[in-house]
Each structure stands twice: as structure tokens, then as C-alpha cells.
Amino acid sequence: MLTKRRRLGIAAIALLGLLCCLAGCDSEEPTASGTNVAAPDIPLKLTGDAPATTLAALKGKVVILDFWATWCGPCQKSIPELTAVYTKYKDRGVQVIGVSEDETGSRDQVPATMKNLGINYPVAFAMDIPDIRAKYPHDGIPFLVVIDKKGIVRKQMVGYDSQHGLDDVTRLLDTLVKE
């Protein structure tokens, strides 16, 4: 569980990043602050037996980045649906990469949470990816980023709607796997 001080710190960092983007600050690194923009490349040191890679190396696949954390209730509701989506689409060129936003205090809970939630895709840690929050700014989790085979961000989604789940994502995947 996050302390009030840590939550305020995370909120301050997120707000600062958002203000910087809104102010149009000059940055050498691209951000995925919208759709139909090139997805910024990030290194991906993955859990388990998955080899380290980069987002750029996954061009040719449809990629879903799922930003989540062990302490996030909506994440725990969305992940089982996302694992089902991955199972359905993985043989059609879709790769899901979880990006755990767990910090040092809860990072060691990630493997057990992955097992409990049935996560069947590799996970990277946000704290291991330089400038991840600048490259993929968001103000809540779960946060999904859908990237097409050419490396273009096609959808971003913050939160989880339990009534509609990932229906929009599934419809988009049906289109993207055919492109």
C-alpha cells in the first residue's frame, strides 16, 4: 500500500509531466501523447525467460502496452480480460507487454500477482525503463497503448470500464491484424 507521501510524490511527477507536455516543452524524445503518432522506442527487460528487447524490435507485430500495478484494483479486473485477448490474438501477430508501475516496496509482489491473475505475457518494470513516464504520459492505470505493425500508436485508454471491458480494443485488433 502506498503511503500518502509516496502518492503525493507520484501525483506531483505525473502533474509535472502533464504540464510540461501541455506547455509544449521541447524534448529530444518523442512522446505517445496521442494517437496516430510514432510510438517512442523503449528498452524492455522482461520477466521470466523472455529475452530483453526493444519496442522498435517488435515492429511487424501489433503491440499492446499495459501499464498496471499490484495495488491497482481496476488493473486486477482488466488483466484477466487482457490475458484472454492475448490468448485469442497471439498467433495472429499480437504481443502484449505488461509494464508494472510497482516501485521498490511492492516490486517483489509482482511475480505472485502475475501468477494469481494468470498473466500469460511478459512484463517489464517501469522503473527499469529510462524516461518511460515522459515517453508514455498518463494520469492513471490501467493504461493501455495499442501500437500497430508499423509502430504507430492507434489507441490509448486510461482506466477500465467493467461494462464494456476491452470491446473497443478487440474491435481495433480485428482491424490491425489484417493490415
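Brief remarks follow.
- Among the listed pairs Lys61/Lys155; Lys135/Lys155; Lys115/Lys150; Lys135/Lys178; Lys77/Lys150; Lys115/Lys178, those beyond 26 Å (Cα-Cα): Lys115/Lys150; Lys135/Lys178; Lys77/Lys150; Lys115/Lys178
- Note on Thr70, Thr104: ascending count of other Cβ atoms within 10 Å places them as Thr104, Thr70, the fewest first.
- Simple label model, 7 Å out from Cα along Cβ direction - Ala38 to Asn120, nm: 3.5
Values in this text are rule-based calculations from the coordinates and carry no lab data. This is a predicted model, so every value here is computed, not measured. Cβ atoms come from the backbone with ideal geometry, glycine included; neighbour counts cover every protein chain shown.
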